[in-house]
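The values are calculated or read from the model by the stated rules, or taken from the named source; none is laboratory data. Computed from a prediction, not measured in an experiment: that's the story for all the values here. Cβ coordinates were reconstructed from backbone atoms using ideal geometry, including for glycine residues, and neighbour counts include every protein chain displayed. The protein model used for the area step is the full one, side chains on, heavy atoms only, and it has no ligands, DNA or RNA in it. Shrake-Rupley method; radii C 1.70, N 1.55, O 1.52, S 1.80 Å.
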Amino acid sequence: MLQLKHYKIKSCDDIELGIKRENLLNFSLSFNDEKEIEAILFIIPGLGEDNNAIYQNKLALHCVQNYPVAVCSVAYHCMANRPQLGCEMGFDDMDEFILNELCKNLNLKIPKKFLPLQKMRNDKLIEFTSYLSQKIQKKKEKLELTDSYIMNISSTFFPTNNEYNNFGLMSAMDIVNALLHIKKNPPFKIAYGGGI
């Protein structure tokens, strides 16, 4: 019979940066308890539609129905650094510094309704960039700027759960920790009497 188990376990702290982990590691495990499991497949979503939960469930179901495998899907550290998973876009210290300098150079005053810049997120950020575009267009029409002028601003993604991007190290550790947990507590029969 097809099984789907959800886990919440402690993972590791970020020793490299000296940051204590605030959240538990969540992962799910799909398998057929009537089969001896020969392998564990991990779904590691990227930036596209493969991080869609419905798609992941269908993929896992297909694999466990047709092959002697278990499928693990890990909500790894900073996975929610994507807008479709709740990440917000805004300005950090460096973004704000650059933007202030650009505006100062163009003699553009940032309206109070957009201040403080670091509190601005998503829709308000889009409204602000639209405001800047209109001001720049007016300066071009008055020939204060060339038609080719483009203001290059940067913004930052702020992931959910108070997480941060550390370029995959913690994400990889979460996947390893999920595997180690499954190895220590296998909820299925292992083929050939071997270990995971």
Only listed residue being in contact with an Asp or Glu (Cβ under 8 Å, 6 or more places away or on another chain), surrounded by fewer than 11 Cβ atoms within 10 Å (Cβ to Cβ) and either modelled with pLDDT of 90 or more or within 30 Å of LYS10 (Cα to Cα) (or both), chosen from ASN152, ASN162, ASN81:
ASN162
Right, GLN134: open to solvent by 30 Å² or more (accessible area, probe 1.4 Å) and under 14 Å from MET151 (Cα atoms) or not?
yes
Report, by residue number, each residue of region 153-169 that is within 17 Å of GLY90 (Cβ to Cβ) and part of a loop (DSSP other than H, G, I, E, B).
ILE153, SER154, SER155, PRO159, THR160, ASN161, ASN162, GLU163, TYR164, ASN165
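Condition check ((1) of a type in the set (Lys, Arg); (2) at pLDDT below 85) across all residues:
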position	(1), (2)
LYS10	yes, no
LEU17	no, yes
ASN52	no, yes
HIS62	no, no
TYR76	no, yes
Pairs, first part of a helix (DSSP H, G or I) in region 170-183, second at pLDDT below 90 and open to solvent by 60 Å² or more (accessible area, probe 1.4 Å), C-beta under 6 Å, six or more apart:
LYS183/ILE196
Can you tell me how many residues in region 32-50 are open to solvent by 30 Å² or more (accessible area, probe 1.4 Å), modelled with pLDDT of 90 or more and among the aliphatic types (A, V, I, L, M)?
3
Of all residues in region 4-31, count the ones that are open to solvent by 20 Å² or more (accessible area, probe 1.4 Å) and touching a Pro at 6+ places or on another chain (Cβ under 9 Å).
1
Suppose we filter LEU25, LEU117 for residues that are aliphatic (A, V, I, L, M) and either touching a Gly at 6+ places or on another chain (Cβ under 6 Å) or touching a residue at least 60 places away in the same chain (Cβ under 8 Å) (or both); which single one remains?
LEU25
